[in-house]
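Participant: Mind looking over this structure? Questions follow.
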Amino acid sequence: MTTPSLTVPAAPQADADWWRQAAVYQIYPRSFADSNGDGIGDLGGIISRVPYLQQLGVDAVWLSPFYPSALADGGYDVDDFRDVDPKIGTLAEFDEMVAALHDAGIKLVVDLVPNHSSDRHEWFREALASPKGSNARARYIFRDGKGENGELPPADWTSIFSGPAWTRVPDGQWYLHSFATEQPDFNWEHPEVHEDFKHTLRFWSDRGVDGFRIDVAHGLAKDLGEVLPSKAELQAMPKDGTHPLWDRDEVHEIYAEWRAVFNEYTPARTAVAEAWVETPERRAKYASPEGLGQAFNFDLMEADFDATHFRDIVTDNLAQSAATGSSTTWVFSNHDGVRHATRYGLPPRAGRDVKQGAEWVLAGGPDEGIDRELGLRRARAATMFELALPGSAYLYQGEELGLHEVAEIPDAQRQDPAFWRTTAEDRGFDGLGRDGCRVPLPWAREGESFGFGTGGAHLPQPAWFADFSVEAEDGVAGSTLEMYREALRLRGELQSEESLTWDEEVSTGDVLAFERPGGWLSVTNFGDAPVALPDGEVLLASAPLTAADGTAQELPGATTVWLRRAEA
Ligand code: NOJ
């Protein structure tokens, strides 16, 4: 028995729809490849690795911020939205990178950070140099303080990275920063802010950028009257479109303006929202074709390796995208989370108040309590599950090598403000911070920074990186790299209409099976014990299928297999 197909409108394979089912590879540029030996990854490094990306078989690259930045928040503190950080390259190199990616058939999505700039942005410097009440101050969110001499912040709010969300400037006023002190929030009620971001969208679109990833897309519109609510009041307010800070309905007016800009281009430029919202319905607004067009769904990043949980997430998200006309997105790892090979080697976390895996990192990454082999085995199975789903898959650099989170970073070498803004007593959701998934990639087994570059690596790489290097896995049958390459190649060949049908006969207990049009069957065994291998021609498996006694083929625990079935 099969359930009815979950179908969203079939995507014509026109170029304008390239994003709908793209496999998008996220590059965190400072940690990908370093071409000039300064220990920091750069555009030259990316250009030199385009053949690697092409061989991997991804459809697009999403580039995390590469703009001039003092790196108070890994580049999400932007000094100039229309330039390249000199430590990373030049605009000419950017153009060269776009051309090299396009020649290789790879699209480019760049990160845009519209909620805040850095405190070194020329507008913020102008704001500090200008008097209270000036136009320059009005582009950001300045307020007088409370207390007799304004010595107390306008409100007791805390920033997302802990610590106060308001910082005082020399003339006594305070500015709002939802993230680090160095990231002042823009005032999106100011028309110049609107105009400037449209300028930025055109600047990069004119240079050939195919799309944008919108950072903190749910944060831009704010409603801050003279009397500000307290932190406790803010926390108690529903996030239903009326919250003063997050996911306000008017934010979509900004994205409607941007849509008009995207549509000036052929094909239209695309966008994907990073929007942390309360309900799936609210996420759908960001994915509307009149707005950004697509939104991240982070549900799989937060899910335990569990058949029921995975199935519910897929069902809900496909239903949502059917309602918006967008395609859905899937993510297991990114630059903000503990890598999924590690998460899946740990016991499920007890509560949801810290990020999955954060307690383990906080404990110093002990060997007890983690089964690294099982974690990687499950991560591979999860990735093959993901790559068989309709919609776009966002992959994070290094997951194709099966990299684990690096827990062994000395405190003094940590960079993340989520670490530096907290103390041992008040480590929040991010635990020790996000540096452990941002360690420069190992390209070679040996040598200076495992082939990352010739001048060391800006975060320390552990010795075990050698066995996870590109060199160690390239051409090795069964390696994680070769599994990703083959899965992406097959995906390109098998991908068709955006629909799936759950196979209820095969899906029992710990086993989850679904079929895509054309007889492409993906079966995942989430349990520990082997089960019988369903009928069909085996295309690829995330682990060997031969039983321990070598006599038969079976689907072992924590394994995904793709099969081709004769169509009924
Ligand atoms: C979300 C980004 O993914 C994260 O890395 C960054 O710290 C915050 N936005 C602030 O820009």
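The values are calculated or read from the model by the stated rules, or taken from the named source; none is laboratory data. If you're wondering where the values come from, they're calculated on a predicted model, not measured in any experiment. All Cβ positions, even for glycine, are placed from backbone atoms using ideal geometry, and neighbour counts span all protein chains on display.
Participant: Return a yes/no flag: does the range 133-151 have any residue that is crowded, with 16+ Cβ neighbours inside 10 Å, among the polar types (S, T, N, Q), away from the ligand (no atom under 16 Å from the Cβ) and farther than 25 Å from TYR67 by Cα.
Facilitator: no
Participant: Give the number of residues within the range 323-335 that are in contact (Cβ under 8 Å) with a residue 60 or more places away in the chain and surrounded by fewer than 17 Cβ atoms within 10 Å (Cβ to Cβ).
Facilitator: So the count comes out to 1.
Participant: For the range 148-184, how many residues meet the condition of being under 26 Å from the mean Cα position of the chain (by Cα) and in a loop (DSSP other than H, G, I, E, B)?
Facilitator: 14
Participant: List the pairs whose first member sits in the range 193-216 and is under 14 Å from ASN115 (Cβ atoms) and of a type outside the set (Gly, Ala, Ser), whose second member is more than 16 Å from the ligand (Cβ to nearest atom) and part of a loop (DSSP other than H, G, I, E, B), and whose Cβ atoms are under 6 Å apart, counting only residues at least 6 apart or on separate chains?
Facilitator: VAL193/ARG139; THR200/ARG82
Participant: I'd like the residue in the range 337-373 that is in contact with a Lys or Arg (Cβ under 6 Å, 6 or more places away or on another chain) and at pLDDT 95 or above and, out of all such residues, is nearest to the ligand (Cβ to nearest atom).
Facilitator: TYR344
Participant: So, one more: Kindly indicate whether THR454 is more than 16 Å from GLY398 (Cα to Cα) and within 16 Å of the ligand (Cβ to nearest atom).
Facilitator: No: the conditions fail for THR454.
Participant: Output the residues belonging to the range 367-381 that are acidic (Asp, Glu) and either surrounded by 24 or more Cβ atoms within 10 Å (Cβ to Cβ) or more than 21 Å from GLU302 (Cβ to Cβ) (or both). Even if it seems obvious, please write down each step before you answer.
Facilitator: Filtering the range 367-381 for residues acidic (Asp, Glu) gives 367-368, 371, 373.
The answer is ASP367, GLU368, GLU373.
Participant: Tell me which helices (runs of 4 or more DSSP H) are completely within the range 322-430 and hold 2 or more residues being closer than 26 Å to LEU500 by Cβ, or say none if there are none. Don't jump to the end; show me each part of the working.
Facilitator: Details: elements: 340-343, 358-362, 372-388, 417-420.
In the range 322-430, 340-343, 372-388 are the helices (runs of 4 or more DSSP H) which contain 2 or more residues that are closer than 26 Å to LEU500 by Cβ.
Participant: Name the residues in the range 421-458 that are at negative phi, surrounded by fewer than 19 Cβ atoms within 10 Å (Cβ to Cβ) and at pLDDT 85 or above, would you?
Facilitator: Listed by number, the residues that qualify are ALA444, ARG445, GLU446, GLU448, THR454, GLY455.
Participant: Taking ALA127 as the residue in question, decide whether it is in a helix (DSSP H, G or I) and crowded, with 16+ Cβ neighbours inside 10 Å.
Facilitator: Yes; evaluated as a whole, the condition is true for this residue.
Participant: Pick out the one residue from LEU481, LEU488, LEU401 that is farther than 19 Å from GLY375 by Cβ, touching a Leu at 6+ places or on another chain (Cβ under 7 Å), crowded, with 20+ Cβ neighbours inside 10 Å and in contact (Cβ under 8 Å) with a residue 12 or more places away in the chain.
Facilitator: LEU488 is the lone residue from the list that is farther than 19 Å from GLY375 by Cβ, touching a Leu at 6+ places or on another chain (Cβ under 7 Å), crowded, with 20+ Cβ neighbours inside 10 Å and in contact (Cβ under 8 Å) with a residue 12 or more places away in the chain.
Participant: Going residue by residue through the range 94-107, is there one that turns out to be within 16 Å of the ligand (Cβ to nearest atom), within 23 Å of ASP336 (Cβ to Cβ) and at pLDDT 95 or above?
Facilitator: The answer is no; no qualifying residue exists.
Participant: While we're here: Looking only at residues that are under 16 Å from GLU126 (Cβ atoms) and touching a strand residue (DSSP E or B) at 6+ places or on another chain (Cβ under 9 Å) in the range 168-184, which one is nearest to the ligand (Cβ to nearest atom)?
Facilitator: Here the residue is PRO184.
Participant: Would you mind telling me which numbered condition in (1) surrounded by 22 or more Cβ atoms within 10 Å (Cβ to Cβ); (2) within 16 Å of the ligand (Cβ to nearest atom); (3) in a loop (DSSP other than H, G, I, E, B) ASP34 fails?
Facilitator: Result: ASP34 passes all but (2).
Participant: Identify, from the list ALA165, ALA232, ALA256, ALA236, the residue that is surrounded by fewer than 20 Cβ atoms within 10 Å (Cβ to Cβ), at pLDDT 95 or above and either within 15 Å of the ligand (Cβ to nearest atom) or within 30 Å of ASP17 (Cα to Cα) (or both).
Facilitator: ALA256
Participant: Could you tell me whether ARG339 is closer than 19 Å to GLY527 by Cβ, of a type outside the set (Ser, Thr, Tyr) and buried (at least 20 other Cβ atoms within 10 Å of the Cβ)?
Facilitator: no
Participant: A follow-up question, please. Considering each residue of the range 67-117, count those that are small (Gly, Ala, Ser), in contact with a helix residue (DSSP H, G or I) (Cβ under 8 Å, 6 or more places away or on another chain) and crowded, with 18+ Cβ neighbours inside 10 Å, and give that number.
Facilitator: Looking only at the range 67-117, we keep the residues that are small (Gly, Ala, Ser), and these are 69-70, 72, 74-75, 89, 92, 99-100, 104-105, 117.
Still in the running and in contact with a helix residue (DSSP H, G or I) (Cβ under 8 Å, 6 or more places away or on another chain): 72, 74-75, 89, 100, 104-105, 117.
If we keep only those that are crowded, with 18+ Cβ neighbours inside 10 Å too, we end up with 72, 74-75, 89, 100, 117.
Count: 6.
Participant: May I ask you to verify whether VAL531 is touching a Ser or Thr at 6+ places or on another chain (Cβ under 9 Å) and modelled with pLDDT of 95 or more?
Facilitator: Details: touching a Ser or Thr at 6+ places or on another chain (Cβ under 9 Å): yes; modelled with pLDDT of 95 or more: yes.
When the stated conditions are applied, VAL531 passes them.
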